[in-house]
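Here is the structure we will look at, set down as structure tokens.
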Amino acid sequence: MGQLEGKTAVITGAASGIGRAIAQGMARQGAGVMCVDLDGEGAARTAAEIAAEGHDAHHHRADVAERAEVEAAMAAAVARFGRIHGFVAAAGIPGRGRHVLDLTDEDWAQVIRVDLTALFVCGQVAARHMAQEGGGAIVMVTSQLAEVAQREAVPYVAAKGGARMLVKAMALDLAPMHVRVNALAPGLTNTAMTRLDDPEVRAARADVIAHIPMGRPAEAHEIAGAAVYLCSDAASYVTGTTVTVDGGYLTV
Ligand SMILES: NC(=O)c1ccc[n+]([C@@H]2O[C@H](COP(=O)([O-])OP(=O)(O)OC[C@H]3O[C@@H](n4cnc5c(N)ncnc54)[C@H](O)[C@@H]3O)[C@@H](O)[C@H]2O)c1
């Protein structure tokens with residue numbers, strides 16, 4: 001029997017990379033999944049792939065920073081499944097790699113909107129449903145860059161650090177309602193965002209890769225298990241914390 005048998009979950013960013021792998025991983029453990037993404041076609045593709053494996057998967061297009069669209073996505077999930085046990089916020093953008101002296105207000109606002117504000121919006125919409133239904137689990141995908149900074153990534157690093165504390169503060173408010181809130185912090189992962197399949201891009205990240213004790217970036221499916229765990233009953237006493245999946249990056 002799967003770890004998420006009888007459970008349901010909404011996963012944002014499910015069209016690509018880590019969100020897609022999490023949707024697959026959760027469905028393979030028995031969860032019914034609603035795949036949400038700004039890229040509606042990509043979300044539909046992920047849901048179709050999962051359904052082709054014999055699992056219960058649906059899709060919905062939404063911008064995670066637009067409250068009305070997130071509410072519509074949750075409503076679509078509730079209409080399908082009745083109750084939502086898990087919400088994984090994996091949608092995100094990297095922002096433009098710019099030195100702090102060259103950043104514009106727009107560069108800042110764009111990243112904060114998707115990588116921080118949207119987590120509040122999604123988390124609150126999910127929590128309102130879960131609190132009413134007797135509990136649930138919310139997982140916010142943050143980053144190893146919630147702990148250590150990286151050059152030319154000021155808005156991203158600020159958003160991820162903010163998300164780490166958002167998780168703690170939400171976990172405190174929601175613990176009495178049996179809603180657990182945790183962060184999942186991946187290290188460098190091979191996805192569309194990082195484009196590590198391109199040898200030139202990989203060469204440009206050689207210093208970061210050299211710093212990873214395991215000597216390589218993660219593949220997206222290696223991140224998914226932590227989301228399965230955090231949404232499962234095995235994590236029934238886990239809230240307000242971060243599960244880091246970084247090949248040891250933060251240990252050195
Ligand atoms: N890849 C890495 O090395 C890495 C490392 C640490 C953390 N992360 C985080 O993991 C998450 C997923 O990243 P990924 O590498 O899978 O990237 P990705 O680009 O492969 O996937 C991100 C998905 O988010 C969606 N998205 C972007 N803006 C959206 C919006 N406004 N509304 C709805 N969907 C939106 C995109 O369409 C895309 O499908 C992000 O939060 C990212 O910051 C990634």
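Within segment 159-170, take every residue that is among the hydrophobic types (A, V, I, L, M, F, W, C) and surrounded by fewer than 20 Cβ atoms within 10 Å (Cβ to Cβ) and give me the one that is nearest to residue 252 (Cα to Cα).
Taking segment 159-170 as the starting set, the residues that turn out to be among the hydrophobic types (A, V, I, L, M, F, W, C) are 159, 163, 165-167, 169-170.
From the residues that got through so far, the ones that are surrounded by fewer than 20 Cβ atoms within 10 Å (Cβ to Cβ) too are 165, 169.
Details: 165: 23, 169: 28 Å.
Ranking the candidates gives 165 first.
Taking the stated definitions as given, is residue 201 free of Cβ contacts under 8 Å to residues at least 40 places away in the same chain, more than 14 Å from the chain's Cα centre (by Cα) and within 11 Å of the ligand (Cβ to nearest atom)?
Details: free of Cβ contacts under 8 Å to residues at least 40 places away in the same chain: yes; more than 14 Å from the chain's Cα centre (by Cα): yes; within 11 Å of the ligand (Cβ to nearest atom): no.
So residue 201 fails the test.
Please give the number of the condition residue 98 fails out of (1) within 16 Å of the ligand (Cβ to nearest atom); (2) of a type outside the set (Ser, Thr, Tyr); (3) surrounded by fewer than 18 Cβ atoms within 10 Å (Cβ to Cβ).
(1)
At pLDDT 95 or above and out of contact with any Phe, Trp or Tyr (no Cβ under 6 Å at 6 or more places or on another chain), is that true of residue 201? Outline the logic, then answer.
Working: at pLDDT 95 or above: no; out of contact with any Phe, Trp or Tyr (no Cβ under 6 Å at 6 or more places or on another chain): yes.
Taking the combined requirement at face value, the residue does not satisfy it.
Tell me, yes or no, whether segment 66-83 has at least one residue that is small (Gly, Ala, Ser), at positive phi and more than 17 Å from the chain's Cα centre (by Cα).
Taking segment 66-83 as the starting set, the residues that turn out to be small (Gly, Ala, Ser) are 68, 72-73, 75-77, 79, 82.
Right, trim to at positive phi and you get 82.
When the remaining residues are screened for being more than 17 Å from the chain's Cα centre (by Cα), the result is 82.
Yes: one or more hits.
Given (1) closer than 13 Å to residue 179 by Cβ; (2) touching a helix residue (DSSP H, G or I) at 6+ places or on another chain (Cβ under 6 Å); (3) crowded, with 24+ Cβ neighbours inside 10 Å, where does residue 125 come up short, assuming only one miss?
(3)
Please go through segment 14-44 and give me each residue that is surrounded by fewer than 20 Cβ atoms within 10 Å (Cβ to Cβ) and within 29 Å of residue 112 (Cβ to Cβ), ordered by number.
38, 39, 40, 41, 44
Given the conditions (1) surrounded by 14 or more Cβ atoms within 10 Å (Cβ to Cβ); (2) among the aliphatic types (A, V, I, L, M); (3) in contact (Cβ under 8 Å) with a residue 24 or more places away in the chain, and given that residue 209 satisfies all but one, which numbered condition is not satisfied?
It is condition (3) that residue 209 fails.
Could you list, in sequence order, the residues of segment 146-155 that are surrounded by fewer than 17 Cβ atoms within 10 Å (Cβ to Cβ) and charged (D, E, K, R)? Let's see the steps before the verdict.
First, pick out the residues of segment 146-155 that are surrounded by fewer than 17 Cβ atoms within 10 Å (Cβ to Cβ): 148-152.
Those that are surrounded by fewer than 17 Cβ atoms within 10 Å (Cβ to Cβ) and charged (D, E, K, R): 151, 152.
Consider residue 51 carefully, then state whether it is more than 8 Å from the ligand (Cβ to nearest atom), farther than 21 Å from residue 245 by Cβ and in contact with a Cys (Cβ under 6 Å, 6 or more places away or on another chain).
On the way: more than 8 Å from the ligand (Cβ to nearest atom): yes; farther than 21 Å from residue 245 by Cβ: yes; in contact with a Cys (Cβ under 6 Å, 6 or more places away or on another chain): no.
Considered against the rule, which asks whether it is more than 8 Å from the ligand (Cβ to nearest atom), farther than 21 Å from residue 245 by Cβ and in contact with a Cys (Cβ under 6 Å, 6 or more places away or on another chain), residue 51 comes out as no.
One line per residue, one yes/no per condition, for (1) surrounded by fewer than 23 Cβ atoms within 10 Å (Cβ to Cβ); (2) touching a helix residue (DSSP H, G or I) at 6+ places or on another chain (Cβ under 8 Å):
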{"residue": "136", "(1), (2)": "no, yes"}
{"residue": "140", "(1), (2)": "no, yes"}
{"residue": "144", "(1), (2)": "yes, yes"}
{"residue": "157", "(1), (2)": "yes, yes"}
{"residue": "186", "(1), (2)": "no, yes"}
{"residue": "193", "(1), (2)": "yes, yes"}
{"residue": "205", "(1), (2)": "yes, no"}
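Please note which helices (runs of 4 or more DSSP H) are completely contained in segment 1-112 and include at least 1 residues that are more than 24 Å from residue 226 (Cβ to Cβ) and without any contact (Cβ under 8 Å) to a residue 40 or more places away in the chain. Steps first, answer last, please.
Values: elements: 17-28, 40-52, 67-81, 105-112.
Where helices (runs of 4 or more DSSP H) fall fully within segment 1-112 and carry at least 1 residues being more than 24 Å from residue 226 (Cβ to Cβ) and without any contact (Cβ under 8 Å) to a residue 40 or more places away in the chain, they are 40-52, 67-81, 105-112.
Failed condition for residue 63, given (1) within 15 Å of the ligand (Cβ to nearest atom); (2) surrounded by fewer than 16 Cβ atoms within 10 Å (Cβ to Cβ); (3) over 21 Å from residue 220 (Cβ atoms); (4) of a type outside the set (A, V, I, L, M), with all others met?
(2)
For segment 175-193, give me each residue that is free of Cβ contacts under 8 Å to residues at least 60 places away in the same chain and closer than 15 Å to residue 221 by Cα.
Within segment 175-193, just 190 meets the criteria.
The values are calculated or read from the model by the stated rules, or taken from the named source; none is laboratory data. Given the structure is predicted, the values throughout are model-derived calculations rather than measurements. So basically every Cβ, Gly included, is an ideal-geometry build from the backbone, and we count neighbours across all protein chains shown.
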